[in-house]
Amino acid sequence: QVQVVESGGGLVQPGGSLRLSCAASGTIFSIYVMGWYRQAPGNQRELVATITNGGSTNYADSVKGRFTISMDNAKNTVYLQMDSLKPEDTAVYYCNVDAKPFRFSVTYKYWGQGTQVTVSS
């Protein structure tokens, strides 16, 4: 089983910064993609950013130029540096990990429990 744990959320003023972390642990053969999604009240969960184990990144248009995703492959950890935060960035942020627990298994999607980010003055 793979466990995914996020940390780093909180309350920040508009224009401020936060750094989210997400660590995957447990039985892991290989991680292929790690990413961040968010869900605001009344909205569907949406992609924020993803990164492959090779370092390829993908960002939602709404966060390009403000957020930076990075991954430490050795630690099975992904980070999301969020700068120039806006009130509309307020949401619960979820970490997603695409991984194989065993060499010959299929790839599964694992989710963390979420961490609240609130941008408000």
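The values are calculated or read from the model by the stated rules, or taken from the named source; none is laboratory data. The shown structure was predicted, so the numbers you read here are calculated from the model rather than taken from an experiment. Neighbour counts run over all protein chains shown; Cβ positions are idealised from the backbone, glycine included. Areas reflect the complete protein model, heavy atoms only, side chains present, ligands, DNA and RNA absent. Shrake-Rupley method; radii C 1.70, N 1.55, O 1.52, S 1.80 Å.
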Look through the stretch 84-97, keep the residues that are open to solvent by less than 20 Å² (accessible area, probe 1.4 Å) and within 16 Å of Ala60 (Cβ to Cβ), and return whichever of them is farthest from the chain's Cα centre (by Cα).
Leu85
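Please determine, by comparing only the residues of the stretch 33-59 that are of a type in the set (S, T, N, Q) and more than 20 Å from Ser84 (Cβ to Cβ), which one is surrounded by the most Cβ atoms within 10 Å (Cβ to Cβ).
So in the stretch 33-59, the residues of a type in the set (S, T, N, Q) come out as 39, 43-44, 50, 52-53, 56-58.
Right, trim to more than 20 Å from Ser84 (Cβ to Cβ) and you get 39, 43-44, 50, 52-53, 56.
Numbers: Gln39: 14, Asn43: 9, Gln44: 7, Thr50: 20, Thr52: 15, Asn53: 15, Ser56: 9.
The qualifying residue surrounded by the most Cβ atoms within 10 Å (Cβ to Cβ) is Thr50.
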Among the residues of the stretch 58-66, is any of a type in the set (A, V, I, L, M, F, W, C) and touching a Ser or Thr at 6+ places or on another chain (Cβ under 8 Å)?
no
Long-range neighbours under 6 Å by Cβ, at least six apart or interchain, first residue over 18 Å from Tyr94 (Cβ atoms) and charged (D, E, K, R) within the stretch 57-69, second at pLDDT 95 or above and open to solvent by less than 70 Å² (accessible area, probe 1.4 Å):
Arg66/Asp83; Arg66/Ser84
Scanning the stretch 60-74 for residues that are open to solvent by 50 Å² or more (accessible area, probe 1.4 Å) and modelled with pLDDT of 95 or more, the one nearest to Ser21 (Cα to Cα) turns out to be Thr68
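Name the single residue that is farthest from Glu6 (Cα to Cα) among those in the stretch 98-113 being in contact (Cβ under 8 Å) with a residue 24 or more places away in the chain and of a type in the set (A, V, I, L, M, F, W, C).
Applying the first criterion (in contact (Cβ under 8 Å) with a residue 24 or more places away in the chain) to the stretch 98-113 yields 98-103, 105, 107-108, 110-113.
Add one more test, that the residue is of a type in the set (A, V, I, L, M, F, W, C), and what stays is 99, 102, 111.
Numbers: Ala99: 17, Phe102: 23, Trp111: 10 Å.
Here the residue is Phe102.
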Conditions: (1) without any contact (Cβ under 8 Å) to a residue 60 or more places away in the chain; (2) of a type outside the set (Ser, Thr, Tyr); (3) outside any loop (DSSP other than H, G, I, E, B); (4) open to solvent by 20 Å² or more (accessible area, probe 1.4 Å). Gln81 meets all but one. Number of the miss?
(1)
Pair list, Cβ under 6 Å, 6 or more apart: the stretch 33-44 residue within 15 Å of Glu88 (Cβ to Cβ), other residue of a type in the set (A, V, I, L, M)
Arg38/Val48; Arg38/Ala91; Gln39/Ala91; Gln39/Val92; Ala40/Ala91
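Within the stretch 1-16, take every residue that is open to solvent by less than 30 Å² (accessible area, probe 1.4 Å) and of a type outside the set (A, V, I, L, M, F, W, C) and give me the one that is farthest from Gly114 (Cα to Cα).
In the first step, residues of the stretch 1-16 are kept if they are open to solvent by less than 30 Å² (accessible area, probe 1.4 Å); the result is 2, 4, 6, 10, 12, 16.
From what is left, the residues that are of a type outside the set (A, V, I, L, M, F, W, C) are 6, 10, 16.
Details: Glu6: 6, Gly10: 12, Gly16: 20 Å.
This residue is Gly16.
Do you know which residues across the stretch 11-51 are at positive phi and either at pLDDT below 95 or in a strand (DSSP E or B) (or both)? Can you show your working first?
Our first condition is that a residue be at positive phi; within the stretch 11-51, this holds for 15, 26, 42.
Those that are at positive phi and either at pLDDT below 95 or in a strand (DSSP E or B) (or both): Gly26, Gly42.
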Within the stretch 98-121, track down each residue that is surrounded by fewer than 13 Cβ atoms within 10 Å (Cβ to Cβ), farther than 15 Å from Met34 by Cβ and not small (Gly, Ala, Ser).
Phe102, Arg103, Phe104, Val106, Gln113, Gln116
